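What follows is a short report on a single structure.
The values are calculated or read from the model by the stated rules, or taken from the named source; none is laboratory data. Remember, predicted model here, so these are calculated numbers, not experimental data. All Cβ positions, glycine included, derive from the backbone under ideal geometry; neighbour counts span all protein chains shown.
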Amino acid sequence: MPDKKILVVEDEASIADIVRSYLVREGFSVSIAPDGTSALRMLKERFDLIILDLMLPDMDGEEICRTAREVTDAPIIMLTAKSTEDDRVTGLGLGADDYVVKPFSPRELVARIKAHLRRSDARAGSDRLSFNSSDLVINASSMEVFRQGALVPMTTTEFRLFLGLAEKPNMVFSRLQLVNIVQGYDFEGFERVVDAHIKNIRQKLGDNPRQPAYIQTVYGSGYKFIGTPDEAQG
Ligand code: CA
């Protein structure tokens with residue numbers, strides 16, 4: 001996997017060095033952020049995957065994870081030290097894709113990294129998303145949505161919003177994250193704008209907000225897509 005850029009956020013230099021040497025050997029390009037402040041600054045660049053230590057001197061890994069999720073959908077692998085931290089990571093649904101407990105085997109970390117990169121490559125390369133046994137089909141390049149075989153006409157904004165949700169089933173998106181997906185319109189009143197778009201999408205799909213097949217409201221947080229991806233997409 002050449003040309004893949006990986007950001008390693010880790011304050012312990014010895015661990016950062018080991019991870020770096022394993023990844024460089026695999027042909028990855030590696031950047032190290034020794035604290036949260038530099039991590040947030042470096043996240044202005046695009047990375048293909050982020051390795052994030054949960055315990056940093058200046059900032060909580062959770063906070064960085066949340067911020068990172070607002071700007072990138074790159075896989076995030078958390079490094080945690082204690083089993084109580086594992087509980088936090090699994091329990092909070094921080095938007096991390098995976099976590100590895102310290103001390104860890106660098107070989108296993110590399111294997112997981114490769115698996116995540118393969119998965120995100122497959123997602124990026126796949127033009128057609130299909131859910132609930134082809135009940136819902138989304139064609140990304142033609143920007144078309146089909147429900148039970150019938151075309152569901154959507155505006156460009158509605159389509160982008162819906163595709164953004166459907167690309168990450170079961171991930172809760174805040175309204176701000178959804179604004180970032182769509183981009184390009186006024187921030188003023190963005191929550192109501194997102195709500196209005198979601199309402200339109202639901203109406204067009206025939207998706208009942210009280211018993212949704214696709215878009216579920218997560219009260220106090222935002223929305224998530226709950227369709228079940230069909231196997232062997234592509
Ligand atoms: Ca640490």
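Hey, does the range 80-88 have a residue that's outside any helix (DSSP H, G or I) and either in contact with a Lys or Arg (Cβ under 7 Å, 6 or more places away or on another chain) or at pLDDT 80 or above (or both)?
Looking for residues that are outside any helix (DSSP H, G or I) and either in contact with a Lys or Arg (Cβ under 7 Å, 6 or more places away or on another chain) or at pLDDT 80 or above (or both), one finds at least one in the range 80-88, hence yes.
Could you please let me know if Ala74 is modelled with pLDDT under 90 and touching an Asp or Glu at 6+ places or on another chain (Cβ under 7 Å)?
Criteria met by Ala74.
For the range 7-64, which positions are part of a helix (DSSP H, G or I), β-branched (Val, Ile, Thr) and more than 10 Å from the ligand (Cβ to nearest atom)?
Ile18, Val19, Val24, Thr37, Ile64
For the range 26-33, does any single residue satisfy the condition of being of a type outside the set (Val, Ile, Thr), in contact (Cβ under 8 Å) with a residue 24 or more places away in the chain and in contact with a Phe, Trp or Tyr (Cβ under 8 Å, 6 or more places away or on another chain)?
The answer is yes, given that some residue of the range 26-33 is of a type outside the set (Val, Ile, Thr), in contact (Cβ under 8 Å) with a residue 24 or more places away in the chain and in contact with a Phe, Trp or Tyr (Cβ under 8 Å, 6 or more places away or on another chain).
Give all pairs with beta carbons closer than 6 Å in which a residue from the range 72-88 that is more than 12 Å from Phe104 (Cβ to Cβ) and of a type in the set (Val, Ile, Thr) meets a residue that is within 11 Å of the ligand (Cβ to nearest atom) and modelled with pLDDT of 75 or more; count only pairs at least 6 apart in sequence or on separate chains.
Going by the 6 Å Cβ cut-off, the qualifying pairs are Ile76/Leu52.
Table: residues versus (1) under 17 Å from Ala213 (Cα atoms); (2) modelled with pLDDT of 90 or more.
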| residue | (1), (2) |
| --- | --- |
| Ser120 | no, no |
| Ser134 | yes, no |
| Asn139 | no, no |
| Thr157 | no, no |
| Phe162 | yes, yes |
| Arg202 | yes, yes |
